[in-house]
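The values are calculated or read from the model by the stated rules, or taken from the named source; none is laboratory data. Keep in mind that what you see is a predicted model, and the values were worked out from it rather than measured. Note: ideal-geometry Cβ built from the backbone for every residue, glycine included; neighbour counts use all protein chains shown. Just so you know, the surface numbers come from the protein's heavy atoms only, side chains and all, with ligands and any DNA or RNA stripped out. Shrake-Rupley method; radii C 1.70, N 1.55, O 1.52, S 1.80 Å.
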Amino acid sequence: MPGPAFESVEARKLGRLYDESYALVDVSVRFEAGTVTALLGPNGAGKSTLMGMLSTALRPSEGEVLYGGRAHDENDPWLRSCIGYLGHRPMLYGELSATENLDFFGRLHGVRPEATRHWLERVGLTRAADRPVSGFSRGMAQRLALARALMSSPSLLLLDEPFTGLDPEGVRLTKSLVAERRDAGATVVLVTHDLAVTDDLASQAVILRGGRLMHAGPSGGDLAGLYRTHAEAKERRTS
Amino acid sequence: MNFAETLALVWRKDMRIELRSKDTLVTLVLFALVMTMVFTFGFANDPQTNLRVFPSVLWANVLFCGTLGVGRTFAREARDGAFTALVLSPAHRGAILAAKTLVNLFLTLVVTALTTPILAVMLRVDLSDVAGLISAQLFLGAAGFALVGTPLAVMAVNARFAEVLLPMVVFPLVAPVLIAGVTGTASILGTIPEQDPRPWFQLMIGFDLVYLVGGQFLFDRMVTE
């Protein structure tokens, strides 16, 4: 398996303006290859905005994102081929079956056709392979969405609330697949509110609040403690 | 994947979904039939009047069906967020736009092919001698709609009040196609003094080419928020 396409992803003085208010202000943070970073913060902190900019779906109003130390055109197909993105929604076609969805997105990413069967097995959806996704439960759709994001072996894996709707088995599976990608050298950024679930997975933590960076550094295996210190404490102080 | 492979892949995916759900096609056909009925019952049985109103009624049908169709272009992608996955893939975005435009053109042509003969029969307009010319005009006009409306439909993915906003943006831009269509059809049917429909054909071809090239240039920028 080829190594990661870049050694780090760096956000430099990122800002994003919506209408007349900033969702993200002057955020500079570096994500290293081979690590999982938990991106934390209360609702409206700017987590999804930052993920959107890292994925190239959103254009920064200020600052830039460097991939492997270089700025890329946001429309560079090579860059897009290096990124796997799982958003709030499953990003799948309800009218198509699980197989058809993975076939379609796999081919867009230039993945071998055999990968579809492999990934359906990996996420435990072989028996539901030919069923339309519209009939899937939230957890099943989430597993399939994870397979879609992972099947191109991305160098940068962005997961926005990946544990949503998953049963304990699904959570274990997701964690093992994310760890596998990390061990292959990928940069993984994961937005979550399930701090206990992510504790043993994320070695780094980035905490945002009100669109500003509150903390960036090692998680120390205690995401809940970090969160209390950097997000909730500030909230109490300001209230 | 090269341009042609991406185009074929996205086209097949969209047509497969449409054949399964049939929601866009059924909606467009029903809408066009209702429009046809409303227009035809509103006119007298005078053959000369019918001949004169035929071009306007025909192109009003194309206008409303075309606008309704392009508004639904990215509706499926938007619903479950598949639009983001589609445009974040390394696939050639111009090919995605081309596939979507062809799907819109195909659906509009199917609806037009079904309703134009009905309209002609109900208004008792004989198209047998000019069917080829009218078909060519309808093809160019429907292509113009698809070429203008499809890239603009991207805004329907994210914009609030997109259903209102899209027609407001599309209508002025397709005005040249409409004018060329109505006047050209009237020329072909011989109901206006200007008998030569060729300038109207040329206008439509020029319009289609401008939007074909413009859409390919702009679409890449339009999909990034």
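Here are a few things to note about the model shown:
- Dipole magnitude for segment B:3-224: about 580 debye, using +1 per Lys or Arg Cβ and -1 per Asp or Glu Cβ, origin at the Cα centre.
- Reported value for the protein assembly as shown: 157 Å³ per residue, from the convex hull of its C-alpha atoms.
- Considering only A:Ala145, A:Ala128, A:Ala202, the mean-square fluctuation computed in a Gaussian network model of chain A, springs between alpha carbons under 10 angstrom, is largest for A:Ala128.
- Ordering A:Leu226, A:Trp78, A:His88 by the projection of their Cα atoms onto the charge dipole of chain A, which places +1 on the Cβ of Lys and Arg and -1 on the Cβ of Asp and Glu, puts A:Leu226 at the extreme positive end.
- Think of each Lys and Arg Cβ as +1 and each Asp and Glu Cβ as -1; about the Cα centre, that makes the dipole of the protein assembly as shown roughly 540 debye.
- Helix content alone sets the calculated 222 nm mean residue ellipticity of chain A: runs of n ≥ 4 DSSP H residues at -39500 (n - 2.57) each, divided across all residues, give -9000 deg cm²/dmol.
- With every protein chain in place, segment A:134-173: carbon and sulfur % of accessible area (1.4 Å): 53 percent
- Based on protein heavy atoms only, chain A ends up with 42 Å² per residue of surface accessible to a 1.4 Å probe.
- For segment B:1-92, the solvent-accessible area works out to 43 Å² per residue, with a probe of 1.4 Å and every protein chain left in place.
- Positive end of the dipole of the protein assembly as shown (Cβ unit charges, origin at the Cα centre): among B:Phe145, A:Ser28, B:Gln195, the Cα lying farthest that way belongs to A:Ser28.
- Note on B:Ala60 and B:Arg221: the model spin-label points, each 7 Å out from Cα along the C-beta direction, lie 3.8 nm apart.
- Springs join every pair of Cα atoms under 10 Å in this Gaussian network model of chain A, and among A:Ala11, A:Ala57, A:Ala149 the largest mean-square fluctuation is at A:Ala57.
- Note on chain B: GNM, Cα springs under 10 Å; of B:Val164, B:Val57, B:Val154, the largest mean-square fluctuation is that of B:Val164.
- Alpha carbon convex hull of chain B, projected area averaged over orientations, nm²: 12.5 nm²
- Between chain A and chain B, roughly 2800 Å² of accessible surface gets buried, counting both sides and using a 1.4 Å probe.
- With a Cα cut-off of under 29 Å and a minimum spacing of 8 residues unless on different chains, the lysine pairs in the protein assembly as shown number 7.
- The residue list A:Ile207, B:Val70, A:Tyr67 was ranked by how far each Cα lies along the charge dipole of the protein assembly as shown toward its positive end, using unit charges on Cβ atoms, and A:Ile207 comes out on top.
- Across chain A, the mean sequence separation of Cα contacts (distance under 8 Å, 6 or more residues apart), normalised by length, yields a relative contact order of 28 percent.
- Point-charge dipole on Cβ atoms (K/R +1, D/E -1) for chain A, about Cα centre, debye to 20: 180 debye
- Percentage relative contact order, chain B, counting C-alpha pairs under 8 Å, at least six apart: 27 percent
- Reducing segment A:31-60 and segment B:117-140 to their Cα centroids gives an inter-centroid distance of 56 Å.
- DSSP-assigned coil residues among trypsin sites (Lys or Arg not before Pro) in segment B:1-40, each with at most 11 further Cβ atoms within 10 Å: B:Lys22
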